[in-house]
Structure formats: structure tokens, C-alpha cells
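I have placed the structure first, in the form of C-alpha cells, so that the comments after it can refer back to it.
Where a number appears in this text, it was derived from the coordinates with a stated rule and is not lab data. The structure presented is a predicted model; accordingly, all values stated were derived computationally and were not measured. Note that we place each Cβ from the backbone using ideal geometry, even for glycine, and neighbour counts take in every protein chain shown.
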Amino acid sequence: MEKWLLLTVFAQVLLTSGVMILMGRRRFQAAKNKEIKMAAFRTMDLSGANEQVIATSRNFDNQFQMPLLYIAAVLFILQFGLADLGFVLLGATFVVLRYWHSLIHIGSNVLRSRFRVFLLGCLVLWIIWLRLLLLALI
């Protein structure tokens, strides 16, 4: 089960890398089109950038928030030898929800849908941590 759990972490790393590449492409395109001045990159003041550039940059930042709590949970799960099908399924669900959230955020950016998917991902993450706590205490 440990390998399957690590695959979910790899999938999260893949998502983060993909968003980073898209962010770079969108930023370079905006700079090339003179939508952003090159000086803006010194302080990362993207306030003049288009919505796609800003949303993709924010989504990349998001990949270092809740997903880091997931990765920390996986490290504890592995350390305590608790990897099982339940954690693999919960982890896969969390990562799928992160992909879905990113697709909404860097795509249509419908706030209601994005927020619901985000909350569902948070709920799954809280379940992972609660289950880890309960199993680690037994």
C-alpha cells in the first residue's frame, strides 16, 4: 500500500509542476504582449496582468498550502506503518479534487464551483488527519 500512497503524492507533484509550466507560459506571453512590464517580475507585482495570469499564479501558490498538509500526513502514515487501502483511497480522492480545483481555477474560474470543490478537498484532508490521529493513538 505504501507505493500506492506514494503515487498519490507523485500525482500531486505532477499537478504542481504542470501548473508551474502553465504559469510560466502565461507570464511570458503576457510580457511578450506588453501586458506586463518586465519590471513587475522584480517584485512579482502582477496587478496589471490579465485574469488568466493572476489566476494561474494564485493556483500555483495554492499548491503549497493544503497539499503540503497532505504530504505531511503521508509522511506520518508511512512512518507509523499505517498505509492501507483507506488512506490510499482518501489520498487519491484528495488529489483528484486538487486537479479538479485547479482545472476550474485556471479555466472557467467559476467561484461557486471552485469553492465547493475546495471545501470538499478540505473535508477529505481533515478525514485523513482525523483517521491518522485515531490510528496512531491506538
The set of residues whose placed amide H lies less than 5 Å from the amide H of residue 36, leaving out same-chain residues fewer than 5 positions away, is 31
If R₀ is 41 angstrom, what is the calculated FRET efficiency for the pair residue 50 and residue 75, using the beta carbon separation as r and rounding to 0.05?
0.60
Mean Cβ count within 10 Å, highest first, over the residues of peptides 92-101, 5-14:
92-101, 5-14
As an exercise, use a Förster radius of 25 Å and the Cβ-Cβ distance of residue 3 and residue 137 to find the FRET efficiency, rounded to the nearest 0.05.
0.45
Mind grabbing the base-10 log of I(q)/I(0) for region 71-138 at q = 0.16, 0.22, 0.29 Å⁻¹? Debye formula, identical points on the C-alpha positions, no solvent, two decimal places.
-0.57, -0.86, -1.22
Quick check: Cα centre of region 1-54 to Cα centre of region 69-138, how many Å?
22
A correct Karplus calculation of ³J(HN,Hα) over region 96-107, with 6.51 cos²θ - 1.76 cosθ + 1.60, θ = phi - 60°, whole Hz and x for Gly and Pro, returns 4, 5, 5, 4, 4, 4, 5, 4, 5, 4, 8, x
Crossing angle, helix 2-32 versus the chain [Cα axis fit, 0-90 degrees, rounded to tens]:
10
In degrees, nearest ten, helix 111-137 long axis to first principal axis of the chain (Cα)
30
What is the fewest-to-most order of 113, 108, 102 by other Cβ atoms lying within 10 Å of their Cβ?
108, 113, 102
Evaluate the charge dipole of region 2-137 about its Cα centre and quote only its size in Debye, nearest 20, assuming +1 on the Cβ of each Lys and Arg and -1 on the Cβ of each Asp and Glu.
520
Regarding region 1-70, what are the three Cα extents along the principal axes, ordered largest first, in Å?
50, 19, 19
Kirkwood Rh over alpha-carbon pairs of the chain, then Stokes-Einstein at 4 °C and 1.567 mPa s: what D in µm² s⁻¹, rounded to an integer?
80
